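Beneath this line is the structure, given in structure tokens, with notes to follow.
Derivation of every value follows stated rules applied to the coordinates shown; laboratory data play no part. Keep in mind that what you see is a predicted model, and the values were worked out from it rather than measured. Cβ coordinates were reconstructed from backbone atoms using ideal geometry, including for glycine residues, and neighbour counts include every protein chain displayed.
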Amino acid sequence: MQRYIDRSKEYLAKRDRYIRDVVKKWKFDTIAVHGLYSVEEAIEDYQGSTIEPIFMSTSQAYRDSDEMIAAQTYLIPTWAYSRIANPSTYYYEWTLALLDGYGFDGETTCCSTSSGMAAIMTAVQPFLVHKKHHVHEPRNFVATAQCYGGTFQHFNVRLMEERDIECRWVLDPTNLDEWASKIDENTRFLYGELPSNPQLGFFDIAAVADLAHSHNLPLICDSTVATPALLRPICHGADVVVQSVTKSMTSSGFGTCGAVIARKNLVTNIDNDDLRKDFALYIKYMPNRDYGPNLHPLQAVMTLNDLRTLRSKMDLMSRSTLTVSEFLLKHPQIESVQYLGLPNHPLHKLASKYMWLVDAEYDDLYRKPVNRYGHLMSFCIKGGSQPARKFFDGLQRIWRATDLGRIKSIATIPSISTHQQQGESGRKLANIPDNLVRLCVGAEHPDDLIADLDQALHQIKTSTSVRVPAQVG
């Protein structure tokens, strides 16, 4: 068995040197295009395939019993069974770990999941264990109320109602005192989504991370809307990042996937050295081995292809979103516009501190740092829910769907879709009125999107009902 362990150590040392001496010196775009799949590996192992191979097998065979024992006890790198891991998902994980860790001096690792919600479950569950066996103890965590509807349901129903684990909601995440007031000796982690979906909430990552660490707690951030092309919370002190990679990173819309990216040696009050040392690897080989929220290898490689142009797509969609938001801001049928890129947005200055187009200073178009604020915006229609639905039904080019981050523009009304299950009180808590429309701007020309928005807004002026004359008999 020792020969397998020694061979694996040589492999891991070689891979670490390649990351340290080669990949870490690349720019963001190069990492997004290549990840850790090298020309040398392709020629030696995969007949020169220029694209990462898709391993559709459910399991891995071993040379003998010694190799199997070494693998099953995690003494050597293994994938064993695709519920646990797969070579294709490794390529995906290595790339995402490098992208979300771009610019971070330490090491980051990643655990792939089948969806963004699976990523959230995977990220929070290990911190919610009982510290003492056979002892029921109170547990709580602190989270921003402005979050995706599925996140709200998971925290509010699955954890609070079903498992009696208290979620203490932060209503104003820019108020550090509110965060601090909700932390006690039973708190396990702080959680925040930024920019939040659909309200565009934001908070000072470094300040909240410092607060969390002062209590020996980790900060978990959902950075789905920004993607690592615009924001990398780990660089600002966060311990764990969850991504619904289904969204902007898989902009084609071909399938669902998620990821948990974590810094090594994170901060936690859980007495578990393996969890602390390498959180992503721990959850991959331990809890997720048993829960099974695995990512399909085909989806992993399809997403890798979408990731290769992430930076340029986020730049294009961000610029178009600003153009669209400026149009809506002046429209007489619009009550308010929420977009972090607008100078009049109350969180514009704070968002500008953190949201930057990665490597813009090396881009021939800019040659200097450039703020970008993403593709998500929302706006409220004057007159309430019925005019909002009239406008929504009138859209012709923009798709009516609950998705976001697509290469095609998509709109939804959160109160009847993504946040419907929260109920009226939950939506009020998260500041989601019935007349709010969420718009995720794609890669179309903004002039065509504005034309569609304009004609749909014009329909609000028309009668919402048709009078049918009474029949005379």
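A compact table of results
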{"item": "Unit charges at the beta carbon, dipole of the chain: most positive-side option, ASN216, THR108, PRO198", "result": "PRO198"}
{"item": "Per-peptide average of other Cβ atoms within 10 Å, ordering 352-360, 43-51 highest first", "result": "352-360, 43-51"}
{"item": "Burial ranking of peptide ranges 402-412, 205-215, 124-134 (average Cβ count within 10 Å, highest at the top)", "result": "402-412, 205-215, 124-134"}
{"item": "Within straight-line cross-link reach of LYS27, aspartates and glutamates at Cα separation under 12 Å, skipping those fewer than 8 residues along the same chain", "result": "ASP359, GLU361, ASP363"}
{"item": "Placed amide H near GLU444: partners under 5 Å, 5+ positions off or other chain", "result": "SER409"}
{"item": "Using alpha-carbon coordinates, inclination of helix 2-21 to the longest axis of the chain, degrees", "result": "50"}
{"item": "Cross-link pairs beyond the 31 Å C-alpha cut-off, checked among LYS277/LYS313; LYS182/LYS264; LYS353/LYS390", "result": "LYS277/LYS313; LYS353/LYS390"}
{"item": "For the range 203-208, 3J(HN,Hα) per residue [Karplus equation, 6.51 cos²θ - 1.76 cosθ + 1.60, θ = phi - 60°, Hz, x = Gly/Pro]", "result": "8, 7, 4, 4, 5, 5"}
{"item": "Estimated dipole of the chain in Debye, rounded to 20 [Cβ of Lys and Arg +1, of Asp and Glu -1, Cα centre]", "result": "780"}
{"item": "For the range 164-171, Karplus couplings with θ = phi - 60° (6.51, -1.76, 1.60), whole Hz, Gly/Pro x", "result": "6, 9, 7, 9, 9, 6, 9, 7"}
{"item": "Antiparallel DSSP beta bridges within the chain, percent to nearest 5", "result": "60"}
{"item": "Set of lysines near LYS428 by C-alpha distance (under 19 Å), chain-local residues within fewer than 8 positions excluded", "result": "LYS382"}
{"item": "Positive-pole candidate from ALA123, ILE84, TYR46, dipole of the range 1-160, charges at beta carbon", "result": "ALA123"}
{"item": "Highest to lowest packing among 320-330, 54-64, scored as the average C-beta count within 10 Å", "result": "320-330, 54-64"}
{"item": "Helical contribution to [θ] at 222 nm, DSSP H n ≥ 4, -39,500 (n - 2.57), averaged over the chain, rounded to 500", "result": "-10500 deg cm²/dmol"}
{"item": "Size of electric dipole in the range 310-461: Cβ of Lys, Arg +1 and of Asp, Glu -1, about Cα centre, debye, nearest 20", "result": "320"}
{"item": "Amide proton proximity set for ARG168, modelled H, under 5 Å, gap of 5+", "result": "PHE141, VAL142, ALA143"}
{"item": "The range 310-387 versus the range 170-201: alpha-carbon centroid distance in Å", "result": "23"}
{"item": "Principal-axis tilt of helix 310-329 within the chain, Cα atoms, nearest 10 degrees", "result": "20"}
{"item": "Within-12-Å neighbourhood charge of ARG83 [Cβ basis; K, R +1; D, E -1]", "result": "+1"}
{"item": "Long-range amide H partners of ALA238 with built H, under 5 Å", "result": "none"}
{"item": "Cα centre as origin, Lys/Arg/Asp/Glu Cβ charges: the range 131-259 dipole, Debye", "result": "420"}
{"item": "Between the range 216-293 and the range 9-24, the Cα center-to-center distance that results, in Å", "result": "22"}
{"item": "Rounded if a/c under 1.5, otherwise prolate or oblate - the range 276-425, Cα gyration tensor axes", "result": "oblate"}
{"item": "Acute angle (nearest 10 degrees) that the helix 446-458 long axis makes with the longest principal axis of the chain, alpha-carbon atoms", "result": "40"}
